Ligand code: SF4
């Protein structure tokens, strides 16, 4: 009996290793192909560009926080996110030290596809006609469930995706507001009234418990609070309660909210362990006291 069990386990492990090896082989090929096409630079043909765009991964989420939405992700391994994570090593108040995407360790396939997305979308400025071929974007779509925009080309491509998928409501989450703004300006959006009607701009506050300074194009600022006391206070002061809910439960606010003159506040509860929470709460209290 025990011998049978052992041989079943060995067979399962071998099958799993084979599946992983195939997956890695396919991803290696995809990355090599994308790099070869990108290296052609100006010599890239229309066919090369179409092939690159076909490699961009649009994920559909049939479970989890953004169930019912698709997403086009960057990658927490990008330069911007890595820089923020490095900064968080010496400052536990920087939210990137508690990055969900990084800590959850996206399954390797998803993580590598996200990295490819960021590489392609930040290297080639696609035309609207080309971007209109991204056919698997659904009625609700999030930009960057993982990662952030990494440069102005990346931001412009996302704006053009919005322009070519007018029946989709997009929620665009970012900390890198500088490149989002450069992208907006380059695409001719220079006032709040001109902003795309089907994209909501959600500015993630980099500091835990402290809402960020807003920009002219923010529809919301999304701040993570470290404990019950601080999040209760934020909600009492009018912040919309995200607080670990699924987007479906809150009516997909970040995708379809009415655009007001000023951004709304959204409050989320920090997911972390007890020890880290205590350190962060102490640091936040000290930081607030130093500002009085
Ligand atoms: S506020 Fe609502 S839509 Fe936005 S992230 Fe939270 S649950 Fe999702």
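Here the relative contact order of region 107-167, from alpha carbon pairs under 8 Å that lie six or more residues apart, stands at 49 percent.
Most tightly packed first, judged by the mean number of other beta-carbon atoms within 10 Å of their residues, the peptides 35-45, 227-237, 109-119 read 109-119, 227-237, 35-45. Computed over the chain, relative contact order equals 16 percent, with contacts defined as Cα pairs under 8 Å that lie 6+ residues apart.
Binning the C-alpha pair distances of the chain at 10 Å intervals from 0 yields a P(r) profile of 6, 25, 32, 21, 11, 4, 1, 0 %, listed from the shortest bin outward. Modelled label positions at residue 67 and residue 40, each set 7 Å beyond Cα in the direction of Cβ, lie 4.3 nm from each other.
Using only alpha carbon pairs under 8 Å that are at least six residues apart, calculate the relative contact order of region 41-142 and give it in whole percent.
Computed over region 41-142, the figure is 39 percent.
Oblate is the label for region 11-83. Its Cα gyration tensor axes, ordered a ≥ b ≥ c, give a/c of at least 1.5 and b/c at or above a/b. Where only DSSP H runs of four or more residues are counted, the chain gives -14500 deg cm²/dmol as its mean residue ellipticity at 222 nm, each run worth -39500 (n - 2.57). With R₀ set to 22 Å, the beta-carbon distance separating residue 185 from residue 163 gives a calculated FRET efficiency near 0.90. Over region 188-267, the pair-distance histogram of Cα-Cα distances with 5 Å bins from zero comes to 3, 15, 25, 24, 18, 9, 4, 1, 0 percent, rounded to whole numbers.
Highest mean packing comes first when the peptides 19-26, 79-86, 91-98 are listed by Cβ atoms within 10 Å, giving 91-98, 79-86, 19-26. Extending 7 Å from Cα along the Cβ direction at residue 278 and again at residue 60 yields two label points whose distance is 4.7 nm.
One Cα centroid belongs to region 11-35, the other to region 252-281; the line between them spans 37 Å. Here the gap between residue 108 and residue 243, fully extended at 0.36 nm per residue and compared with their Cα-Cα distance, gives a gain of 45.8 nm.
For the pair region 153-197 / region 44-68, the C-alpha centres are spaced 18 Å from each other. Label separation (residue 30 vs residue 3): 4.3 nm, computed from points 7 Å beyond Cα along the C-beta direction. Rounded to the nearest 0.05, the FRET efficiency derived from the C-beta distance between residue 250 and residue 289 at R0 = 35 Å is 0.60.
Computed from the C-beta positions of residue 86 and residue 178 and an R0 of 22 Å, the FRET efficiency is 0.80 to the nearest 0.05.
Our estimate of slack between residue 17 and residue 139, defined as 0.36 nm per intervening residue step minus the Cα-Cα distance, is 40.2 nm.
No value in this document is a laboratory result; all are computed from the given coordinates. Since this is a predicted model, take the numbers as computed values, not measurements. Because the Cβ atoms are built from the backbone with ideal geometry, glycine has one as well, and the counts that use them run over all protein chains shown.
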